[in-house]
Amino acid sequence: MSTILSASNVNKRFKKFQALKNVNLNVDKGKIVGLIGPNGAGKTTLLKAVLGLDSCDGELKVLGMDPFRQRANLMKEICFIADVAVLPKWIKVSEALKFTAMAHPNFSIDKAKEFLSHTKVKMTHKVKELSKGMTAQLHLAIVMSIDAKLLVLDEPTLGLDILFRKEFYDNLLNDYFDHERTIIITTHQVEEIEHILTDVVFIREGEIVLDANMEELTSQYFEVMVPADNYHEALAAKPLTERKVFGKHIMLFHSDSRDYLETLGEVQRPSVSDLFVALMQEEETA
Amino acid sequence: MNAFKALLMREYWEHRGAFLKTPIIIGIITAVMMILAYLLVENVNVKLTGGEGIEHLKQITEQTNTDITYITNIFFTGLEGLFHFVLFIVVFFFLLGSLFDDRKDLSILFWKSLPVSDLSTVLSKVAAAMVVAPLCFWVILMASELVCMILFSFFLLFNGVNPFTLLWANADLLSHWAAFGMGCLIQAIWALPVYGWLLLCSAWAKRRPFIWAVGVPAMVFMVRGWMAAFTFSGQAFMNLKDIMMALSTVFLNALAPYESRADLLQSIRLGGGNNGLFDPSDIMSSMYHNVFSGKIIYGFVFAAICISLAIFIRRYRNTT
């Protein structure tokens with residue numbers, strides 16, 4: 001499998017603040033990676049380095065290129081949505097498509113028009129006349145019509161309502177993703193994307209605290225509903241977290257096998273967001 | 001190349017209002033003023049002698065067709081001067097925002113997500129200032145002058161004068177259009193150092209590029225002035241004066257790319273003794289001679305430095 005992105009010992013400093021600390025990361029072709037972390041963890045800093053928008057120290061290669069030095073070239077193979085608000089307000093939908101068609105060698109304007117025909121976005125609209133959700137649809141339509149090897153989405157659904165968010169990811173998965181492409185997504189709404197991810201990367205204070213694929217994750221982390229009787233026994237097994245719901249203790253364990261845990265109570269697959277919270281808290285107490 | 005064309009079209013789309021509507025408004029105002037002037041003059045004269053102005057015109061022009069050539073030359077040269085002036089103002093503010101506005105509204109992230117280099121982005125702004133905007137103004141100027149000619153023809157017709165033999169045969173419209181087109185080019189060459197400086201400020205400023213663009217030169221002059229004052233050095237004052245003179249030459253030519261403005265004003269005051277000055281071919285040759293004065297190379301160098309710096313900043317610093 002070919003490597004799309006490789007970072008080794010990537011560091012980034014803003015004056016006194018160390019935004020990225022020795023980041024090591026590899027992303028292979030065909031993955032959908034969720035880059036998840038609290039506010040200010042360095043997600044956007046990392047993505048900016050990947051997109052060649054900002055410099056960084058250490059070795060960073062995207063599609064074999066140094067992103068900061070070869071940004072314009074790299075952008076033929078990468079596309080990204082940084083935030084829903086970045087399309088210029090004054091531009092008309094038709095102009096945005098025409099511009100992209102002329103500037104981008106791998107853009108198919110017919111595809112974009114086809115995507116937009118399923119939405120309320122009209123060719124004559126200006127971006128400032130569109131709602132937030134429609135702007136996101138337009139941006140997604142542009143990006144999905146680019147035949148790119150890597151798609152980077154930084155909080156693509158920020159500020160959209162649940163209907164738009166669901167549609168956004170449905171479109172992405174059904175109409176775009178084909179295992180030849182690679183997608184990196186950052187978001188706070190982990191629950192909504194966890195079913196589409198193949199890999200998760202947790203980042204905290206500039207460090208990568210977890211880099212695993214979803215299968216690994218579900219074979220190593222377990223959520224157990226412990227009845228009151230088994231509470232002390234379960235505590236002795238050192239859960240990562242525990243919370244109490246309707247008289248039962250829900251505990252999260254890191255374990256190699258689920259056999260023992262099943263004697264304690266009902267075992268479930270933990271959600272990525274619970275796992276995220278647990279790992280972030282673990283780091284804090286450690 | 002295709003990408004560069006796309007960038008130029010993008011500038012046109014974004015600034016259609018300034019590049020196209022501004023000259024259209026000037027053209028409309030000019031035409032309306034012509035109509036008002038005609039109507040008002042008629043109202044004044046109607047009780048006295050009835051269209052005396054036109055009658056008078058008819059009499060004198062029947063004697064000398066050169067008078068009508070002179071009148072149209074003055075009128076069109078004036079309109080062209082106004083267009084040059086407004087063009088500079090429009091381009092001034094266009095450049096000031098050109099590398100700043102998209103950073104402010106974060107749309108730079110969209111532009112940078114496309115495979116377009118920062119070099120061509122900045123150069124497209126230069127080309128928009130030097131070619132696209134002047135071209136828009138040129139087209140509208142031609143249309144405006146044509147409308148004025150047609151209006152004038154109607155005024156003549158209403159008063160029983162044949163506009164074709166009197167007006168169209170004597171007004172050299174094509175030369176005026178050529179003179180304005182060339183004027184735009186000369187103007188762009190003169191204004192290049194100013195344009196470069198504006199691009200640099202636009203790329204540099206974290207907010208309010210106008211303050212940088214105007215404030216930095218003002219500060220430099222103040223400091224130089226004080227230094228000269230404290231050292232009681234006549235030489236320092238002379239240097240300052242030279243810089244001021246050079247700068248005002250640049251600005252005057254950028255605003256109105258004609259030579260011999262002083263002669264022009266003089267001749268108007270004297271009642272139009274020197275008809276030649278308003279002749280388009282004379283205007284063109286005066287612009288031409290003026291611009292290749294050797295010292296203009298300093299302007300080019302300064303512009304090149306500013307534009308290179310703007311590209312560098314855009315490339316390596318401006319990400320958000």
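Here are some notes:
- Options B:V126, B:V139, B:V132; residue that is away from chain A (no Cβ under 14 Å), among the hydrophobic types (A, V, I, L, M, F, W, C), more than 22 Å from A:Q70 (Cα to Cα) and free of Cβ contacts under 8 Å to residues at least 24 places away in the same chain: B:V139
- Single match in B:D118, B:D102 (criterion: under 30 Å from B:F300 (Cα atoms), acidic (D, E) and surrounded by 21 or more Cβ atoms within 10 Å (Cβ to Cβ)): B:D118
Conditions (1) without any contact (Cβ under 8 Å) to a residue 60 or more places away in the chain; (2) exposed (fewer than 14 other Cβ atoms within 10 Å of the Cβ); (3) more than 25 Å from A:I162 (Cβ to Cβ), marked per residue:
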{"site": "A:I183", "(1), (2), (3)": "no, no, no"}
{"site": "A:I193", "(1), (2), (3)": "no, no, no"}
{"site": "A:F222", "(1), (2), (3)": "yes, no, yes"}
{"site": "A:A228", "(1), (2), (3)": "yes, yes, yes"}
{"site": "A:H232", "(1), (2), (3)": "yes, yes, yes"}
{"site": "A:V272", "(1), (2), (3)": "no, no, no"}
{"site": "A:M280", "(1), (2), (3)": "no, no, no"}
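- Pairs linking a residue in the range B:106-123 that is within 8 Å of chain A (Cβ to nearest Cβ) and over 14 Å from A:A96 (Cα atoms) to a residue that is of a type in the set (K, R) and crowded, with 23+ Cβ neighbours inside 10 Å, with Cβ atoms under 8 Å and 6 or more positions apart or on different chains, are B:D118/B:R314.
- Residue within the range A:70-91 that is more than 9 Å from chain B (Cβ to nearest Cβ), at pLDDT 90 or above and buried (at least 21 other Cβ atoms within 10 Å of the Cβ) present: no
- Strands (runs of 3 or more DSSP E) fully within the range A:1-89 counting 1 or more residues that are aromatic (F, W, Y): A:3-14, A:17-28, A:78-81
Residues are listed down the side, and each one gets a yes or a no for (1) part of a loop (DSSP other than H, G, I, E, B); (2) farther than 30 Å from A:K128 by Cα:
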| site | (1), (2) |
| --- | --- |
| B:L106 | yes, no |
| B:S113 | yes, no |
| B:L119 | no, no |
| B:L123 | no, no |
| B:L167 | no, yes |
| B:A178 | no, yes |
| B:P193 | no, yes |
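- Test: residue in the range A:105-120 that is of a type in the set (V, I, T), under 26 Å from the mean Cα position of the chain (by Cα) and farther than 22 Å from A:L51 by Cβ: yes
- For the range A:102-117, a residue qualifies if it is at the interface with chain B (Cβ under 8 Å from one of its Cβ atoms), hydrophobic (A, V, I, L, M, F, W, C) and either touching a strand residue (DSSP E or B) at 6+ places or on another chain (Cβ under 8 Å) or within 15 Å of A:M144 (Cα to Cα) (or both), but none of them does.
- Of the numbered criteria (1) surrounded by 23 or more Cβ atoms within 10 Å (Cβ to Cβ); (2) modelled with pLDDT under 90; (3) touching a helix residue (DSSP H, G or I) at 6+ places or on another chain (Cβ under 7 Å), the one A:A112 fails is (2).
- Single residue of B:A171, B:A178 found to be within 17 Å of the chain's Cα centre (by Cα) and either crowded, with 19+ Cβ neighbours inside 10 Å or closer than 30 Å to B:I68 by Cβ (or both): B:A178
- Any chance A:L140 is among the aliphatic types (A, V, I, L, M) and either assigned to a helix (DSSP H, G or I) or within 11 Å of chain B (Cβ to nearest Cβ) (or both): yes
The values are calculated or read from the model by the stated rules, or taken from the named source; none is laboratory data. The structure presented is a predicted model; accordingly, all values stated were derived computationally and were not measured. When we count neighbours, we look across all protein chains shown, and the Cβ atoms used for this are built from the backbone with ideal geometry, even at glycine.
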